[in-house]
Amino acid sequence: MVEKKKVTKKVAPKVETEKTEEVVAEVKAPKKTKRKLSPVQMIIIGIAVALLLFVGVLSYLVYSGKNDSSAVKNITRVVVIPAGIVDGNYITAYSYLDQIDILKNYYKEFKKTDFNSEDGKKVLSEIRTDVSDRLAEDAIVSSEAAKLKVTVSKKDINEEYDRLIASNGGQKSFSDILQKYYGLILDEFKTKIFAPRLLRQKLTEKINNEESETGTAKKKADELFAKAKAGEDFAKLATENSQDPGSAANGGDLGYFGKGKMVPEFEAAAFAAKTGDIVGPIKTVYGYHIIKVTDVKDGQVKASHILIKTRDFNEWLAEKKTELKKKKILGFIPAYWIFVKTN
């Protein structure tokens with residue numbers, strides 16, 4: 001007989017499942033510990049928050065027009081914030097407030113304006129609008145000048161400045177006027193007022209010289225000059241043809257003027273002429289002039305003129321502003337965007 005082998009059943013070892021689950025849980029979800037900020041980190045965060053609040057309050061004061069005092073202006077000289085963006089150029093809040101300050105000083109000292117009165121508040125609103133418009137125009141002029149490679153050198157500024165000084169009683173007299181009525185010293189006047197004005201003048205010359213209608217304007221001026229020289233009534237010719245709105249209605253009469261009051265080309269022609277002379281056409285930034293000198297006395301000239309414009313610079317500037325107001329950078333950022341509230 002064959003003996004049956006005993007079959008022994010293998011018993012699986014007992015596993016402590018509950019304990020294992022606890023271990024797995026401990027591995028999967030380690031105990032969280034709160035990370036504490038160091039004192040230095042706390043200080044840095046505090047400073048950052050304080051700066052953000054400070055810039056926020058400053059921006060509100062500038063953009064809302066709630067405060068354009070000298071104190072706020074001086075802060076924006078250090079903390080740079082924009083007052084607008086025009087044609088890719090930033091207009092800083094400091095330059096905006098600084099120009100307002102200059103005009104406010106003029107109205108206070110010269111016109112005795114009380115800015116706390118109702119009339120004074122209206123004047124202040126007009127000043128803010130004028131300043132924002134002028135700075136926007138300066139930005140457009142700056143961009144266009146760069147494209148056309150029009151520049152103003154120190155020599156240009158000094159030469160024109162010397163002419164201005166000579167026509168305003170000398171440097172001492174002019175300096176006193178600037179300080180009293182505008183709160184400016186001579187160097188500030190050159191950089192903040194005079195240089196932008198001169199750049200605009202040079203850009204005007206460049207645009208006029210490149211305009212296709214220059215030839216047409218010159219032809220018209222030549223015809224009128226010939227008629228004036230032939231003896232036709234100068235005042236009548238001026239009234240009917242001159243494009244200078246300030247003098248056309250008066251037969252082109254400009255009254256008496258001294259040196260430094262007119263653009264250089266006009267001045268040179270007028271002062272070189274004698275009483276009764278008709279000279280021209282003289283090309284200036286404004287177009288072509290036909291000049292009749294009617295009197296000369298005490299270093300002054302009395303003259304009438306007929307102006308035929310090549311192109312009105314202000315019209316060009318208005319067109320450019322309209323174009324930029326419609327333009328979007330990256331499809332959504334206005335190319336002409338003034339942040340400050342002016343009224």
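Values quoted throughout were computed directly from the atomic coordinates according to the rules given, and no laboratory measurement underlies them. Here the structure is a predicted model, which is why all the values come from computation and not from measurement. Cβ: placed from backbone, ideal geometry, glycine included. Neighbour counts: every protein chain shown.
Run through the range 216-303 and list the GluC sites (Glu not before Pro) located in a DSSP loop whose Cβ has at most 16 other Cβ atoms within 10 Å. Loop-located and lightly packed - E232. Quick one: Cα centre-to-centre distance for the range 283-343 and the range 99-133, in angstrom? If you average the Cα positions of each part, the centres end up 24 Å apart.
Across the range 214-309, the mean sequence separation of Cα contacts (distance under 8 Å, 6 or more residues apart), normalised by length, yields a relative contact order of 33 percent. Rounded to the nearest Hz, the phi-derived 3J(HN,Hα) couplings of the range 100-105 under the Karplus curve 6.51 cos²θ - 1.76 cosθ + 1.60 (θ = phi - 60°) are 4, 4, 4, 6, 4, 4, where x marks glycine and proline. A DSSP coil position with no more than 16 other Cβ atoms inside 10 Å describes the following GluC sites (Glu not before Pro) in the range 144-214: E211, E213. The slack between E159 and K261, meaning 0.36 nm per residue of separation minus the straight C-alpha distance, is 35.3 nm. Determine the shape class of the range 41-210: with a ≥ b ≥ c the square roots of the Cα gyration tensor eigenvalues, call it rounded for a/c under 1.5, and otherwise prolate if a/b is greater than b/c, oblate otherwise. Taking the square roots of the gyration eigenvalues as a ≥ b ≥ c, the range 41-210 is oblate.
Dipole magnitude for the range 41-210: about 220 debye, using +1 per Lys or Arg Cβ and -1 per Asp or Glu Cβ, origin at the Cα centre.
Averaged over residues, the count of other Cβ atoms within 10 Å places the peptides 145-158, 307-320, 284-297 in the sequence 284-297, 307-320, 145-158, highest first. Dipole size of the range 183-318 about its Cα centre, with +1 on Lys/Arg Cβ and -1 on Asp/Glu Cβ: approximately 240 debye, rounded to the nearest 20.
Projecting label points 7 angstrom from Cα along Cα→Cβ for A272 and E223 puts them 2.7 nm apart.
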